[in-house]
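*Asks:* Mind having a look at this structure? Questions to follow.
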Amino acid sequence: MQLVVARIGRAHGIKGDVTVEVRTDEPELRLAPGAVLATDPPSTGPLTIETGRVHSGRLLLRFEGVKDRTAAEALRNTLLIADVDPEELPEEEDEYYDHQLMDLDVVTADGIEVGRITEISHLPSQDLFIVERPDGSEVMIPFVEEIVAEIDLAEQKAVITPPPGLIDDRAEIASSRDSEDSQDSEDES
């Protein structure tokens with residue numbers, strides 16, 4: 001199975017290094033020197049990692065055959081794809097590969113059906129489940145432990161405890177003005 005493990009950013013320096021946006025919890029395994037990665041678009045690859053290092057908190061990679069800034073810049077926005085055994089699981093108990101989460105049924109803790117995960121969006125601050133509702137609309141669920149209470153792969157479901165307004169339009173809005181208005185109307189009676 002193929003998994004996206006990084007996206008190439010801009011060139012760094014003049015010797016062919018590029019910044020990468022890491023999309024794996026195991027960069028030391030997937031993005032190690034000698035790793036051969038497929039690419040999207042396929043015409044830019046496969047790419048073999050020659051060297052890797054961290055500079056100012058960013059991972060920099062250099063690929064075999066990419067020797068200057070112009071060649072490195074031509075790779076910008078290319079996705080790096082690793083072949084992974086479908087039976088392989090992440091090392092940590094509460095980590096999941098995207099393919100494990102796709103198509104899970106999403107339900108609230110009290111059993112209300114929300115929908116089905118159709119996509120996982122990886123943002124800098126957090127990951128989001130894109131969930132298709134039974135009516136065809138979509139809702140975004142932040143993949144954070146405060147909201148996603150349980151992932152049950154055996155039952156093929158994700159149990160969530162959403163705050164008011166996340167999965168419906170009926171957010172509970174409480175303000176001091178609302179309570180003052182109700183107090184004023186009681187005083188006038």
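The values are calculated or read from the model by the stated rules, or taken from the named source; none is laboratory data. Predicted model, so just to flag it, every value in this text is computed and none were measured. Here the Cβ positions follow ideal geometry from the backbone for every residue, glycine too, while neighbour counts run over all protein chains shown. We work out accessible area using only protein heavy atoms, side chains counted, and drop any ligands, DNA or RNA first. Shrake-Rupley method; radii C 1.70, N 1.55, O 1.52, S 1.80 Å.
*Asks:* What's the carbon and sulfur percent of the stretch 8-140's accessible surface, probe 1.4 angstrom, rounded to a whole number?
*Replies:* Carbon with sulfur: 48 percent of the solvent-accessible area.
*Asks:* Expressed as a rounded percentage, what relative contact order does the stretch 16-147 have, with Cα pairs under 8 Å and six or more residues apart?
*Replies:* Result for the stretch 16-147 is 16 percent.
*Asks:* Quote the FRET efficiency, to the nearest 0.05, computed for Glu28 versus Glu155 with a Förster distance R0 of 35 Å and r equal to the Cβ-Cβ distance. Before the final figure, lay out the partial values.
*Replies:* Details: r = 32 Å, r/R0 = 0.93.
My answer for the efficiency is 0.60.
*Asks:* At q = 0.08, 0.10, 0.21 Å⁻¹, what is the log10 ratio I(q)/I(0) for the stretch 1-158, with the Debye formula run over Cα points and no solvent?
*Replies:* Calculated log10 I(q)/I(0) at the listed q: -0.29, -0.44, -1.28.
*Asks:* Given R₀ = 45 Å, FRET efficiency for Ile120-Lys15 by Cβ-Cβ distance, to 0.05?
*Replies:* 0.85
*Asks:* Here is a further query. For Arg133 and Asp94, what is the calculated FRET efficiency with R₀ set at 30 Å and r taken between the beta-carbons, to the nearest 0.05?
*Replies:* For R0 = 30 Å, the calculated efficiency reads 0.70.
*Asks:* Continuing with this model, one more query. Can you give me the long-range amide H partners of Gly9? Hydrogens built in the peptide plane at 1.01 Å from N, cutoff under 5 Å, separation of 5 or more residues or another chain.
*Replies:* Placed amide hydrogens put Thr19, Val20, Glu21, Asn77 under 5 Å from Gly9.
*Asks:* Through the Karplus equation 6.51 cos²θ - 1.76 cosθ + 1.60, θ set to phi - 60°, convert the phi angles of the stretch 128-144 into ³J(HN,Hα) values in whole Hz; use x for Gly and Pro.
*Replies:* 10, 8, 9, 10, 8, 6, x, 7, x, 6, 10, 9, 9, 10, x, 8, 10
*Asks:* Would you kindly state how much longer the chain becomes between Met1 and Ala74 on full extension, computed as 0.36 nm times their sequence separation minus their alpha carbon distance, in nm to one decimal?
*Replies:* Stretched fully, the Met1-Ala74 segment lengthens by 23.6 nm.
*Asks:* In terms of modelled amide H atoms, which long-range or inter-chain residues lie less than 5 Å from the amide H of Gly115?
*Replies:* Residues meeting the criterion, in which the H sits 1.01 Å from N, are Val106.
*Asks:* While we're here: Whose amide H sits under 5 Å from the amide H of Val84, counting only residues 5 or more places off or on another chain, with H placed in the peptide plane?
*Replies:* Gln2, Leu3
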